[in-house]
Amino acid sequence: MKNALFLLILTLIVSCQSNKFESDVELPRLLSDGVVLQRDQAVKVWGRGVPGKNVRVGVAGTVASSQVDADSTWKVTIPATPAGGPFLLTVNQETVKDVYFGDVWVAGGQSNMEWPMKSGVLGAEVEIDSADFPQIRFFKVDKSYSVLPKQDVSGGKWTLADSTHLGGFSAIAWYFAKQNHLEKNVPIGIIESNWGGTPAEGWTPASLLAGMENMSFTEEAKDIIEKPEKWERENLANKKRSEMRDLLVNRPDSATASEVSSVSYNDSQWRKIQLPQNNPLAHIAWLRKNFTLNQKTGLSLFLPDVNDMAYFYINGVQIHHKDWGQSMPELSIPEEVLFQGKNTLTVRLVKTWNNQPVLGSAGKMYLAQNGNKINLEGTWSYSNDLIEPQLPKVENLNWKPGMMYNAMIHPLTHFGIRGVIWYQGESNAGRHGEYKGLFTTLIQSWRQAWSFGDFPFLFVQLANFMERQELQPTSDWAALREAQREALVLPKTGMAVAIDIGEAEDIHPRNKQDVADRLWRIAKKISFGDSVISQGPLLESVEKLGAELRLVYTSVGGGLSLSSGDEVLGYALQNQNGAWKSFPGKITGVNEIRIAMESGFDPVELRYAWADNPAVNLYNSENLPAVPLRFQIR
């Protein structure tokens, strides 16, 4: 009995002594409940602790340990683990629950990658209502920027793909993740690190950009590297102004809104505006328009073009709130808020991105009632600053070299991933000449930071957008697309062509599923080694045959095809005098097209789909569009 008691006391003493060697630990936000870790590769677990103390990590039957370094950081590597879960991840006294191993992708870029399912995406309503995929998880990195590299993101958490949360997920990333999950039967983690309107240099380390001579961002990158304290002060002041702006643009004071939007409100001090042709709107704009009704039933508001966040009122009663990125529905107006006779429509409108809100477009501003229309175009009363104060000026400092990389990418680089999906370029189109070097530097810098080789980097080529023109040899968007294509010189890169699914009047096409499908095809080939046709027809050679050109394509599958008509659209030729002319093509073989030229026209360059918004109809047997490009003719 005495021996047993002695052994028990000894065990407790040893246990207590052992605990002294274990550090209290702090884990990064990514390593939290619901996390998906990359399967089939060694995974790093990291954090902060007490220097010199031990750290023990256990997950899926594996235990590994390390010691906290003098700078209070530690890192433990656990061996490759197959797909599965749920597991507990234990790190000394900390426990992370509901852990899975699967495929992890970073979804980066600007607004077309960020664009959420709830914002008018085609097919989203059914997708959201039926969502029940507990093994697909999204981590939305909070928007932030920094002069110096951060060790952790400023916020975010793992969220399950269900009908409650799916509406807020990136639409492209969701459709991509769903296919990865269903076809490979593994859990999926998507790390959304994206920000609308942002240029590529903001996502690239400033130290590298400073070494790229004669670029638009070179001198600013050098200044950020040489004077970090100055930029830290500017960032801090700018963030304070941003916080104040966000407080101001939040939901308006209800009493003020009720008063300003009432029929009896005196707006004689407001200025007049002719909508939709004029747009002096700024800050928090309030607009009023009176209209007359003979009856109160069956009234609806049709005002689809509203940019961006808006509150709508009829006779002092709020009838709708439109958030950023959301589509504006046709609104049925409850008859109890209406009057026979004079009524007032009031709109509170804000656009924080560029401080230039927009209300309405020609032919799309009216009230409908029993087959009749009440036109809302014409004179409105408006105020930019009488009701609420002007917004503080907030600079887009997150656009500056390296700022978003430091805060939203660098903190992720210990975390194992399968690859990156990327949609960006719109904000660099005006500087397309430097984009190839910038974009390839971005890709290589990310791979170097993650330090496990050339992981797949899959990106979307810019979609068609703006007014259609038959000939547009100086198109910035076409030149940017070519710069994106040229980035394919890097290994394990892939480009999803979207030249056929854009919208002339909307930079954010709502067809996100086809974009994701094309990205997934590329992922299957590059990342998983599947035997699939992953891109549309790609021009391989051009041969002069008298007054004809013979074009030979690769990646045609079962053969070239047209989506409409019997001639290939989209070709432009330049002759030796520099003149451009459009010529149709004819499919003359499985992989061959011929272009008949007029007598005396001697071409030196061919371009396909070279315009902001070109008309295209050339596909392969997999219904993938031909790749836009330019080709020198010898």
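The values are calculated or read from the model by the stated rules, or taken from the named source; none is laboratory data. Please read all numbers here as calculations on a predicted model, not as lab measurements. Cβ placement follows ideal geometry from the backbone for every residue including glycine, while neighbour counts extend to all protein chains displayed. Each accessible area value is taken on the protein alone, full model and side chains, heavy atoms only, with ligands, DNA and RNA left out. Shrake-Rupley method; radii C 1.70, N 1.55, O 1.52, S 1.80 Å.
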With θ set to phi - 60° and the Karplus curve 6.51 cos²θ - 1.76 cosθ + 1.60, what are the ³J(HN,Hα) couplings of region 449-454 in order, to the nearest whole Hz, using x for Gly and Pro? 5, 6, 6, 9, x, 8
Report the accessible area of L376, computed with a 1.4 Å probe over the heavy atoms of all protein chains in place, in Å² rounded to the nearest 10. 0
Derived scalar couplings ³J(HN,Hα) [region 168-175; Karplus, 6.51 cos²θ - 1.76 cosθ + 1.60; whole Hz; x for Gly, Pro]: x, 7, 3, 5, 5, 5, 5, 4
Considering the options L160, Y175, I224, tell which one lies farthest towards the positive end of the dipole of region 85-234, charges being +1 on Lys and Arg and -1 on Asp and Glu at the Cβ, about the Cα centre. L160
Given charges of +1 on the Cβ of Lys and Arg and -1 on the Cβ of Asp and Glu, with all other atoms neutral, how large is the dipole of region 538-632 about its Cα centre, in debye to the nearest 20? 80
Between G378, W446, M403, whose Cα lies farthest towards the positive end of the dipole of region 332-466 when Lys and Arg beta carbons carry +1 and Asp and Glu beta carbons carry -1, centred on the Cα centre? W446
Cβ-derived FRET efficiency at R0 22 Å, N354 paired with E232, nearest 0.05: 0.30
Mind putting a number on the dipole of region 254-383 about its Cα centre? Charges go on the C-beta only, +1 for Lys and Arg and -1 for Asp and Glu, and I need it in Debye to the nearest 20. 280
Of all accessible heavy-atom area on the chain, the percent that carbon and sulfur account for (1.4 Å): 49
Within region 580-598, the residues whose backbone N lies under 20 Å from a label point placed 7 Å from the Cα of L538 along the Cα-to-Cβ direction are 590-593
Just to confirm, what accessible area per residue do you get for the chain at 1.4 Å probe, in whole Å²? 43
Through the Karplus equation 6.51 cos²θ - 1.76 cosθ + 1.60, θ set to phi - 60°, convert the phi angles of region 507-519 into ³J(HN,Hα) values in whole Hz; use x for Gly and Pro. 5, 10, x, 8, 7, 8, 5, 5, 4, 5, 4, 5, 4
Quick check on packing: order 203-215, 143-155 by the mean number of other C-beta atoms within 10 Å, highest mean leading. 203-215, 143-155
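Set the Förster distance to 25 Å, then compute FRET efficiency between S564 and A504 from the Cβ-Cβ distance, nearest 0.05. Provide the component values of the computation, followed by the final result.
Numbers: r = 17 Å, r/R0 = 0.68.
Approximately 0.90, to the nearest 0.05.
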For the chain, state the average projected area of the convex hull of the C-alpha atoms over all orientations, rounded to one decimal in nm². 37.6
Note down the magnitude of the dipole of the chain about its Cα centre, charges +1 on Lys and Arg C-beta and -1 on Asp and Glu C-beta and zero elsewhere, to the nearest 20 debye. 980
Along the Cα→Cβ direction, 7 angstrom out, place labels at E213 and Q277. What is the inter-label distance in nm? 5.3
Net charge, S130 excluded, C-beta distance under 13 Å - Lys, Arg +1, Asp, Glu -1: -4
Rounded to the nearest 0.05, what FRET efficiency is calculated for S65 and M244 with R0 set to 45 Å and r the Cβ-Cβ distance? 0.40
By accessible area (1.4 Å), largest first, E505, E598 order as E505, E598
Ellipticity estimate at 222 nm from DSSP helix runs (n ≥ 4, -39,500 (n - 2.57)) divided over the chain, nearest 500: -6000 deg cm²/dmol
Find out how many positive minus negative residues lie around S475, taking Lys and Arg as positive, Asp and Glu as negative, among other residues whose Cβ is under 15 Å from that of S475. -1
State the antiparallel share, in %, of DSSP beta bridges confined to the chain, rounding to the nearest 5. 75
Using +1 at the Cβ of each Lys and Arg and -1 at the Cβ of each Asp and Glu in the chain, identify which of G363, G557, S531 lies farthest towards the dipole's positive end. S531
Viscosity 1.306 mPa s, temperature 10 °C: what is the translational diffusion coefficient of region 213-260 from Stokes-Einstein with a Kirkwood Rh over Cα pairs, rounded to a whole number of µm²/s? 115
Here, K581 and K296, labelled 7 Å along Cα→Cβ, have an inter-label distance in nm of 6.9
